[in-house]
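This report concerns only the one structure given below.
Derivation of every value follows stated rules applied to the coordinates shown; laboratory data play no part. Here the structure is a predicted model, which means the values were calculated and not measured. FYI the Cβ positions are ideal-geometry reconstructions off the backbone, even for glycines, and counts take in every protein chain you see.
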Amino acid sequence: MIIKLAFSYIKKQKGKTIPLLAGVGLAVMLIFSMLVIRDSGYDSQIREAKNLHGDYNLFFDDIDMNSVEELKKQKEE
């Protein structure tokens, strides 16, 4: 019932239907492009942080040089 009504409106009002569908299509494309731009910005920030600070898997805070040498020896073993 509703589908028949919609199709009859589309057939009778072609001059209004085409701009309406074009507007809906443009709105969907704009929203999608905004989401893509946002996500690519996040990815860019992550890549920049990795390039600037390195891609560390482990971080030691307040460690002295003796401990550093011990850790290097353990790595070689």
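Each residue of the chain gets 189 Å³ once the volume of the Cα convex hull is shared out per residue. Adding -39500 (n - 2.57) for every DSSP H run of four residues or longer, then dividing by how many residues the chain holds, sets the calculated 222 nm ellipticity at -28500 deg cm²/dmol.
Which is the longest run of the chain containing none of the chymotrypsin sites (Phe, Trp or Tyr not before Pro) found in DSSP loop states (not H, G, I, E, B) with at most 16 other C-beta atoms within 10 Å? Provide the component values of the computation, followed by the final result.
Working: sites that count: Y56, F59, F60.
Answer from the scan: 1-55.
Please work out how much length the chain gains when fully extended from L5 to L58, using 0.36 nm per residue of separation minus the C-alpha to C-alpha distance, in nm with one decimal.
Details: separation 53, 0.36 × 53 = 19.08 nm, distance 6.41 nm.
The span from L5 to L58 would gain 12.7 nm if fully extended.
How big is the dipole moment of the chain about its Cα centre under a simple scheme where the beta carbon of each Lys and Arg is +1, that of each Asp and Glu is -1, and everything else is neutral? Debye, nearest 20, please.
Working: 11 positive and 11 negative charges, 360 e Å.
Roughly 1720 debye, rounded to the nearest 20.
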